[in-house]
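Below you'll find the structure, written out as structure tokens, and then a few comments.
The values are calculated or read from the model by the stated rules, or taken from the named source; none is laboratory data. Model, not experiment: these values are computed from the prediction. Quick reminder, even Gly has a Cβ in these numbers, built from the backbone with ideal geometry, and neighbours come from all protein chains shown. Note: accessible area is taken over every heavy atom of the protein model, side chains too, but ligands, DNA and RNA are not part of it. Shrake-Rupley method; radii C 1.70, N 1.55, O 1.52, S 1.80 Å.
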Amino acid sequence: MAKYPTTTILFQALLLLFLPQSLTVSTTYNISYFGAKPDGTTDSTSSLFRAWSLACASTKPSTIYVPQGQFLLKNLRFEGPCANKAITFHIVGTLVAPSNYNFFKNVGYWLLFEGVDCVSIHGGNLDGRGGSLWACKKSGKTCPNGATILGISNSKNVLISGLTSLNSQMFHIVINGCQNIMLQGLNVLAPGDSPNTDGIHVQLSNGVTILNSSIGTGDDCISIGPGATNLWIENVGCGPGHGISIGSLGKDYEEAGVQNVTVKTARFKDTQNGLRIKTWGRPSKGFVRGVLFQHATMTNVQNPIVIDQNYCPSNKNCVKINNVTYQDIRGTSATEIAVKFNCSRTCPCHEIRLKDVNLSYIYQPARSSCSNAAGSAIGLIEPSSCLY
Ligand SMILES: *[C@@H]1O[C@H](CO)[C@@H](O)[C@H](O)[C@H]1NC(C)=O
Ligand SMILES: *[C@@H]1O[C@H](CO)[C@@H](O)[C@H](O)[C@H]1NC(C)=O
Ligand SMILES: *[C@@H]1O[C@H](CO)[C@@H](O)[C@H](O)[C@H]1NC(C)=O
Ligand SMILES: *[C@@H]1O[C@H](CO)[C@@H](O)[C@H](O)[C@H]1NC(C)=O
Ligand SMILES: *[C@@H]1O[C@H](CO)[C@@H](O)[C@H](O)[C@H]1NC(C)=O
Ligand SMILES: *[C@@H]1O[C@H](CO)[C@@H](O)[C@H](O)[C@H]1NC(C)=O
């Protein structure tokens, strides 16, 4: 039996609360009733916005319904607070972004939820149509940054389930400044060579849970930024892409730490990294502590286990890393160095624990490499530990 954190149980309780209400008194706002056309070319932005405005203003639980078909949408902000605490997006069809990337210039997000409480999004596809922007970026021309497909900002109690996010121009999903967010059964897809298409980025947020999802992109599968606390990631498949990464951290001196992160049952296939912690070599108050990486399988991963704490300027504090456990990590490395802990002399990594790690390299025995990394190893450890 999988054990889920209390946030999950809270969510299930929350859903049970939602359900009977939505069955009895929920009002449904079908975007077709507001003129949206499922043809992929008619601009449906105002229809969805109208549906949201009514749902948000309603004192009753409300459902926004997106039927089958393709709906073209420009960038939209869904802003709270709302008059009710049970808004559901039921998406059957596909929301598509404008194909001309110049449209987004500096908006940052295609779809942004700001300051909402108790919103859930079920199903559907979000198509960011990033192809032409990636081509521009790869050609070396000057191009806009592009937009993140879906942002959840300064919000709480948000559930996103069964959603597919495709071909983002930039990051796919960003969770920023939030509490109690659940993402489950997501499919996130972009080609392995698409620039900056991180799957899910979490920062300055407490109690985010990511479950049962599959993420293949051109950048990090999940990236964990400053101020991510009590984060739970379970049963996630990554690849292609750059793996699950805590960091980069330490960009700023005043920076919130990352604390209590669990990554359980993750599968990595043909990724650049598996489980990574990466910090800048700059003076910073940032830190990483209390991380458990448990039950991961690696298939042809270039750096299955890596801490890269760039060397810090002499005698300055930089991002401290301690209490990081790797338990039951197995599979194949695509390079000889399967385990790398490269920490700084001025602030070494502490309490790094290896328990039952078995990583092999096809051509010769795998190796581990340590600089300034202290901790312990128990159980079978292959390649053998170099922690002091
Ligand atoms: C929404 O509207 C579309 C188009 O009129 C219709 O096909 C669909 O059945 C409606 N669905 C709901 C749940 O109202
Ligand atoms: C996640 O997947 C596991 C195993 O496939 C399943 O038992 C569990 O119910 C799923 N959880 C959710 C919240 O969908
Ligand atoms: C760590 O976070 C999990 C949720 O991810 C939570 O269930 C647990 O209570 C937290 N542990 C501590 C010590 O705060
Ligand atoms: C190390 O981190 C784990 C996971 O967050 C936590 O349960 C444990 O209490 C921490 N240990 C110490 C000594 O801080
Ligand atoms: C460790 O990191 C430093 C600073 O980035 C780099 O110069 C060095 O080559 C790295 N060592 C290894 C063994 O990768
Ligand atoms: C470690 O992994 C290798 C290659 O996958 C396998 O042959 C070996 O039996 C494993 N060792 C243990 C003790 O599980």
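What about Q309, is it modelled with pLDDT under 95 and open to solvent by less than 30 Å² (accessible area, probe 1.4 Å)? Don't jump to the end; show me each part of the working.
Numbers: modelled with pLDDT under 95: yes; open to solvent by less than 30 Å² (accessible area, probe 1.4 Å): yes.
Answer is yes for this residue.
Quick test for you: out of T164, T142, T148, pick the one residue that is in the same structural domain as A97 (by TED's automatic domain parsing), more than 22 Å from L73 (Cα to Cα) and either open to solvent by less than 20 Å² (accessible area, probe 1.4 Å) or among the β-branched types (V, I, T) (or both). Break it down stepwise before answering.
Values: T164 fails: more than 22 Å from L73 (Cα to Cα); T148 fails: more than 22 Å from L73 (Cα to Cα).
From the options T164, T142, T148, the qualifying one is T142.
Determine if segment 123-132 includes at least one residue that is within 14 Å of the chain's Cα centre (by Cα), away from ligand 6 (no atom under 16 Å from the Cβ), assigned to a strand (DSSP E or B) and not assigned by TED's automatic domain parsing to the domain that holds G227. Walk me through it before giving the result.
As a first pass, look at segment 123-132 and keep what is within 14 Å of the chain's Cα centre (by Cα): none.
No: zero hits.
For segment 248-261, enumerate the residues that are open to solvent by 10 Å² or more (accessible area, probe 1.4 Å) and part of a strand (DSSP E or B).
Correct list: S248, Q259, N260.
Count, please, the residues in segment 44-55 that happen to be under 14 Å from V116 (Cβ atoms) and either open to solvent by 20 Å² or more (accessible area, probe 1.4 Å) or in contact (Cβ under 8 Å) with a residue 40 or more places away in the chain (or both).
Here is the first cut: in segment 44-55, the residues under 14 Å from V116 (Cβ atoms) are 52-53, 55.
Now restrict to residues that are either open to solvent by 20 Å² or more (accessible area, probe 1.4 Å) or in contact (Cβ under 8 Å) with a residue 40 or more places away in the chain (or both): 53.
Matching residues across segment 44-55 total 1.
Can you spot a residue in segment 230-237 that is more than 24 Å from I173 (Cα to Cα) and in a strand (DSSP E or B)?
First, the residues of segment 230-237 that are more than 24 Å from I173 (Cα to Cα): none.
No, every residue in segment 230-237 fails to be more than 24 Å from I173 (Cα to Cα) and in a strand (DSSP E or B).
Say we look at segment 98-131 and pick out the residues that are at pLDDT 95 or above and of a type in the set (S, T, N, Q); which of these is nearest to Q184 (Cα to Cα)?
Taking the candidates together, the pick is S120.
Checking L186 against (1) open to solvent by less than 10 Å² (accessible area, probe 1.4 Å); (2) in contact with a Leu (Cβ under 6 Å, 6 or more places away or on another chain); (3) away from ligand 2 (no atom under 16 Å from the Cβ), which test does it fail?
It is condition (3) that L186 fails.
Looking at segment 278-295, which of the residues that are under 12 Å from T325 (Cβ atoms) and either among the polar types (S, T, N, Q) or touching a Gly at 6+ places or on another chain (Cβ under 9 Å) (or both) is least open to solvent (accessible area, probe 1.4 Å)?
Filtering segment 278-295 for residues that are under 12 Å from T325 (Cβ atoms) and either among the polar types (S, T, N, Q) or touching a Gly at 6+ places or on another chain (Cβ under 9 Å) (or both), the one least open to solvent (accessible area, probe 1.4 Å) comes out as F293.
Does L211 satisfy being farther than 24 Å from M298 by Cβ, surrounded by fewer than 24 Cβ atoms within 10 Å (Cβ to Cβ), hydrophobic (A, V, I, L, M, F, W, C) and away from ligand 4 (no atom under 16 Å from the Cβ)? Give the derivation first.
Numbers: farther than 24 Å from M298 by Cβ: no; surrounded by fewer than 24 Cβ atoms within 10 Å (Cβ to Cβ): yes; hydrophobic (A, V, I, L, M, F, W, C): yes; away from ligand 4 (no atom under 16 Å from the Cβ): yes.
When the stated conditions are applied, L211 does not pass them.
So which of K251, K269, K278 is within 16 Å of ligand 6 (Cβ to nearest atom) and either hydroxyl-bearing (S, T, Y) or in the same structural domain as A334 (by TED's automatic domain parsing) (or both)? Talk me through it step by step, then tell me what you get.
Working: K251 fails: within 16 Å of ligand 6 (Cβ to nearest atom); K278 fails: within 16 Å of ligand 6 (Cβ to nearest atom).
After applying the criteria, what remains is K269.
If I ask for residues that are open to solvent by less than 10 Å² (accessible area, probe 1.4 Å) and among the β-branched types (V, I, T), which ones from segment 320-342 would you list? Reasoning before the result, please.
Quick first cut of segment 320-342, residues open to solvent by less than 10 Å² (accessible area, probe 1.4 Å) only: 321, 324, 326, 329, 333, 338-339, 341.
I321, V324, I329, V339 - these are the residues of segment 320-342 that are open to solvent by less than 10 Å² (accessible area, probe 1.4 Å) and among the β-branched types (V, I, T).
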